[in-house]
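Data block below; observations after.
The values are calculated or read from the model by the stated rules, or taken from the named source; none is laboratory data. Bear in mind that the values here come from a model prediction, so they are computed numbers and not experimental data. Every residue, glycine as well, gets a Cβ built from its backbone with ideal geometry; the counts of neighbours run over all protein chains shown.
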Amino acid sequence: DFAGEAHRRLFGKHVLITAGPTHEPIDPVRYIANRSSGKQGFAIAAAAAEAGARVSLIAGPVHLDTPPGVERVDVESAREMMAEVEKALPADVAIMVAAVADWRAADTAGQKIKKDGSGAVPPLALMENPDILATLAQSPQRPGLLIGFAAETQDIVEHATAKRTRKGADWIVANDVSGPKGQSVMGGDTNTVQIVTASGTESLPAMPKGQVAAAIIDRIANEIA
Ligand code: CTP
Ligand code: CA
């Protein structure tokens, strides 16, 4: 029947997804993180599995159940996420939804950093993390359809368009996280996205993250059919 067919549009395809934040250790008890909940990435993994794909979900630290039929690998840091993404290749489609920490502590202390009583603060030197999306774009195993996400607070389409070119992605899904909406997107249940491709921009209305996921999977199935 039609519904059954529609549900299997990604049958035989391997879809690789990153989701959630990363945690970058400073010492054994402290880390650098961000407000990503992982909900949008997990919703996309669920929708891809429902569409019949084999789904590899590389997840940062989140409080979410694994969607049915999804193969999940948990990681903490950006470097661990990079390594697990490379292990999961090859993939037909990769969707990099994770809010990867841009910087990590240059040195990780082996023991908890202690106050010395003088009021002096510890120096915290940062270094840039590997860019997983940009690395995949340059890989000999580059997925046939490579999709990034971009959380922006201003000039959303302009920034997303520049990111698409700079990182070598096919599509960038831009979310507006400006103002009070930012709080409702990061951790919330709705999202307002624009899909930026080589041929233009499609603006979707504000929707529950499950519906955003279904819309993105629908566009992917159309693209690779
Ligand atoms: N990304 C990644 N690895 C990183 C940083 C980002 O794979 N180290 C991916 C994200 O998963 C997302 C896309 O790149 O799909 C865009 O992330 P974003 O943070 O918007 O881009 P940045 O280049 O880090 O730019 P910004 O300065 O706006 O944070
Ligand atoms: Ca970033």
What is the one condition in (1) within 9 Å of ligand 1 (Cβ to nearest atom); (2) free of Cβ contacts under 8 Å to residues at least 40 places away in the same chain; (3) over 22 Å from Val185 (Cβ atoms) that Leu133 does not satisfy?
(3)
Answer yes or no as to whether Ser36 is crowded, with 16+ Cβ neighbours inside 10 Å, over 28 Å from Asn222 (Cα atoms) and of a type in the set (S, T, N, Q).
yes
Taking Met96, is it over 19 Å from Val173 (Cα atoms), within 12 Å of ligand 1 (Cβ to nearest atom), crowded, with 16+ Cβ neighbours inside 10 Å and of a type outside the set (Val, Ile, Thr)?
no
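Just checking, which of Asp170, Asp189 is crowded, with 16+ Cβ neighbours inside 10 Å and under 17 Å from the mean Cα position of the chain (by Cα)? Walk me through it before giving the result.
Numbers: Asp189 fails: crowded, with 16+ Cβ neighbours inside 10 Å.
On inspection, the qualifying residue turns out to be Asp170.
Do you know which residues across the range 183-223 are of a type outside the set (Val, Ile, Thr), in a helix (DSSP H, G or I) and in contact with a helix residue (DSSP H, G or I) (Cβ under 7 Å, 6 or more places away or on another chain)? Write out each step before concluding.
At the first step, the residues of the range 183-223 found to be of a type outside the set (Val, Ile, Thr) are 183-184, 186-189, 191, 194, 198-200, 202-211, 213-215, 218-219, 221-223.
Filter once more, so that each one left must be in a helix (DSSP H, G or I): 183-184, 209-211, 213-215, 218-219, 221-223.
Within the range 183-223, Lys209, Gly210, Ala213, Ala214 qualify.
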Some residue of the range 91-106 being assigned to a helix (DSSP H, G or I) and modelled with pLDDT of 95 or more
no
When you scan the range 114-127, do you find a residue that is closer than 30 Å to His14 by Cβ, modelled with pLDDT of 95 or more and more than 17 Å from the chain's Cα centre (by Cα), even just one?
no
Residues in the range 167-189: is at least one acidic (Asp, Glu) and at pLDDT 95 or above?
yes
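Could you grab me the full set of residues in the range 12-21 that are outside any strand (DSSP E or B) and under 10 Å from the mean Cα position of the chain (by Cα)? Explain how you work it out, then say what you get.
Kept after step one, since they are outside any strand (DSSP E or B), are these residues of the range 12-21: 12-13, 20.
Gly20 - this is the single residue of the range 12-21 that is outside any strand (DSSP E or B) and under 10 Å from the mean Cα position of the chain (by Cα).
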For the list (1) buried (at least 17 other Cβ atoms within 10 Å of the Cβ); (2) at positive phi, I need the number of the one condition that Gly69 fails.
(1)
How many of the residues making up the range 65-93 are more than 16 Å from ligand 1 (Cβ to nearest atom) and in contact (Cβ under 8 Å) with a residue 40 or more places away in the chain?
2
If we keep just the residues of the range 99-114 that are within 16 Å of Thr22 (Cα to Cα) and either buried (at least 24 other Cβ atoms within 10 Å of the Cβ) or in contact (Cβ under 8 Å) with a residue 60 or more places away in the chain (or both), which is farthest from ligand 1 (Cβ to nearest atom)?
Thr108
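Yes/no per residue for (1) in contact with a Leu (Cβ under 9 Å, 6 or more places away or on another chain); (2) part of a loop (DSSP other than H, G, I, E, B); (3) at pLDDT below 95; (4) farther than 24 Å from Ala134 by Cβ:
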{"position": "Arg35", "(1), (2), (3), (4)": "no, yes, yes, no"}
{"position": "Ala46", "(1), (2), (3), (4)": "no, no, no, yes"}
{"position": "Ser56", "(1), (2), (3), (4)": "yes, no, no, no"}
{"position": "Pro67", "(1), (2), (3), (4)": "yes, yes, no, yes"}
{"position": "Val73", "(1), (2), (3), (4)": "yes, no, no, no"}
{"position": "Glu76", "(1), (2), (3), (4)": "no, yes, no, no"}
{"position": "Arg79", "(1), (2), (3), (4)": "no, no, no, no"}
{"position": "Val85", "(1), (2), (3), (4)": "yes, no, no, no"}
